[in-house]
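Here is the structure we will look at, set down as structure tokens.
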Amino acid sequence: MKLASLKEGGRDGTLIVVNRDMSKAVKVPDIATTLQAALENWAETEPPLVEVFNRLQEGNVEDAFDFDPKQVAAPLPRSYHWADGSAYVTHVELVRKARGAVLPESFYTDPLMYMGASDVFLGPCDDVPLESEDWGIDFESEVAIFTDDVPAGITPEQAKAHIKLITIINDVSLRNLIPAELAKQFGFYQSKPHTSFAPVAATPDELGDAWDGGKIHLPLHSIMNGIKLGSPNAGVDNTFDLPRLISHAAKSRPLMAGTVVGSGTVSNVGSKDGSSCISEIRCLETIADGKPSTEFMKFGDRIEIEMFDENGESIFGRIDQIVTQYHPPR
């Protein structure tokens with residue numbers, strides 16, 4: 001089953017069910033008006049939503065309309081909780097190596113995680129408005145999941161049952177703002193603006209054998225200005241799977257329905273299939289040449305992120321965004 005949210009009905013959007021090839025969709029107000037409402041009552045809402053999805057697949061829904069990614073917000077336009085991990089320690093190791101720092105051994109046993117801005121998520125075709133190119137604008141291609149209510153102290157094995165929907169995201173980072181924030185030893189804030197989401201979120205069964213309960217064994221493609229920068233496999237080289245990240249986030253408190261947990265930048269050892277962010281490309285250049293040569297994103301740059309199944313069909317739809325200049329009020 002695939003779900004999305006139309007840009008209507010208020011800040012939380014209007015929930016729609018989308019068919020598998022993302023050509024048709026239908027509103028489901030009698031089941032749930034928003035995805036947040038559906039997740040809060042998932043045991044009751046999932047069966048009728050699946051029924052609608054199956055009828056949509058058969059072409060047996062009178063109110064179906066053409067699905068347009070430009071008309072949707074993020075599947076969850078906003079969330080009560082957004083926690084991003086760093087499952088691919090090889091990415092962190094590479095960043096540290098580029099600046100001559102050693103990776104602490106604890107990074108291999110205890111996940112990194114930060115809480116991001118969840119008051120607004122960007123839709124798949126929304127512009128990314130930022131004030132200055134000097135901030136070091138970067139994309140980060142990731143996998144993310146949505147949960148139902150998660151009890152505190154849950155084990156990774158137990159956490160698997162709480163993964164209700166999966167999607168892909170662009171966790172925008174402002175690289176030149178990060179060092180000063182980390183120097184305060186109090187985490188990210190200004191350096192992490194709003195995160196962008198694919199058009200739809202899918203139930204795990206839509207991934208077939210590519211989903212093993214904790215990882216997606218498929219490449220995640222990143223294309224900037226028409227040039228493919230990378231397609232590392234999301235199921236390879238991740239030190240921590242998604243249930244482990246959920247368990248980490250819920251160590252001392254429960255997670256409410258609609259919590260979004262991100263995998264961190266998808267990265268494979270040696271980056272043989274390319275990178276999922278500019279920062280990693282610059283790190284490889286620094287290691288090889290002593291300095292980076294690839295610039296961060298500029299106003300007008302376009303980033304596209306997508307994942308395909310084994311038949312070459314898009315699973316979540318495409319993130320397709322332009323970085324634009326924001327002019328604050330004066």
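The values are calculated or read from the model by the stated rules, or taken from the named source; none is laboratory data. No experiment lies behind these values; they were computed from the predicted model shown. Cβ sites come from the backbone with ideal geometry, for glycine too, and all protein chains shown count toward neighbours. For the accessible areas, the whole protein counts, side chains as well, though only heavy atoms, and no ligand, DNA or RNA atoms are used. Shrake-Rupley method; radii C 1.70, N 1.55, O 1.52, S 1.80 Å.
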**Item:** Any pair with Cβ under 8 angstrom, 6 or more apart, that starts in segment 101-119 at a residue that is more than 16 Å from TYR88 (Cα to Cα) and ends at one that is outside any helix (DSSP H, G or I) and among the polar types (S, T, N, Q)
**Value:** GLY116/THR195; ALA117/THR195; SER118/SER79
**Complete:** For segment 135-177, the count of residues that are in a strand (DSSP E or B), in contact with a helix residue (DSSP H, G or I) (Cβ under 6 Å, 6 or more places away or on another chain) and under 30 Å from GLN325 (Cβ atoms) equals 2
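Given the structure, is GLU295 more than 16 Å from ARG175 (Cβ to Cβ), among the charged types (D, E, K, R) and open to solvent by 20 Å² or more (accessible area, probe 1.4 Å)? Break it down into steps so the answer makes sense when it comes.
On the way: more than 16 Å from ARG175 (Cβ to Cβ): no; among the charged types (D, E, K, R): yes; open to solvent by 20 Å² or more (accessible area, probe 1.4 Å): yes.
Criteria not met by GLU295.
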**Request:** Go through the residues of segment 176-198 one by one and say whether even a single one is of a type in the set (A, V, I, L, M) and closer than 30 Å to GLU51 by Cβ.
**Result:** yes
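Could you identify the single residue in LEU76, LEU3 that is in a strand (DSSP E or B), of a type in the set (A, V, I, L, M, F, W, C), at pLDDT 95 or above and surrounded by 15 or more Cβ atoms within 10 Å (Cβ to Cβ)?
LEU3 is the lone residue from the list that is in a strand (DSSP E or B), of a type in the set (A, V, I, L, M, F, W, C), at pLDDT 95 or above and surrounded by 15 or more Cβ atoms within 10 Å (Cβ to Cβ).
Rundown of residues vs (1) open to solvent by 10 Å² or more (accessible area, probe 1.4 Å); (2) touching a Lys or Arg at 6+ places or on another chain (Cβ under 8 Å); (3) without any contact (Cβ under 8 Å) to a residue 12 or more places away in the chain; (4) outside any helix (DSSP H, G or I), yes/no style:
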| position | (1), (2), (3), (4) |
| --- | --- |
| ASN238 | yes, yes, no, yes |
| PRO243 | no, yes, no, no |
| SER252 | yes, no, no, yes |
| GLY270 | yes, no, yes, no |
**Asked** Any idea which of GLY262, GLY230 is closer than 27 Å to GLN71 by Cβ and either surrounded by 19 or more Cβ atoms within 10 Å (Cβ to Cβ) or not aromatic (Phe, Trp, Tyr) (or both)?
**Response** GLY262
**Item:** Selection from segment 176-192 of residues that are surrounded by fewer than 22 Cβ atoms within 10 Å (Cβ to Cβ) and either under 15 Å from TRP82 (Cα atoms) or in contact with a Cys (Cβ under 9 Å, 6 or more places away or on another chain) (or both)
**Value:** GLY187, PHE188, TYR189
**Asked** Quick check, is ILE322 surrounded by fewer than 18 Cβ atoms within 10 Å (Cβ to Cβ), among the hydrophobic types (A, V, I, L, M, F, W, C) and under 21 Å from ILE137 (Cα atoms)?
**Response** yes
**Request:** Tell me, please, whether a residue that is among the hydrophobic types (A, V, I, L, M, F, W, C), assigned to a loop (DSSP other than H, G, I, E, B), open to solvent by 20 Å² or more (accessible area, probe 1.4 Å) and under 30 Å from ALA159 (Cα atoms) can be found in segment 304-318.
**Result:** no
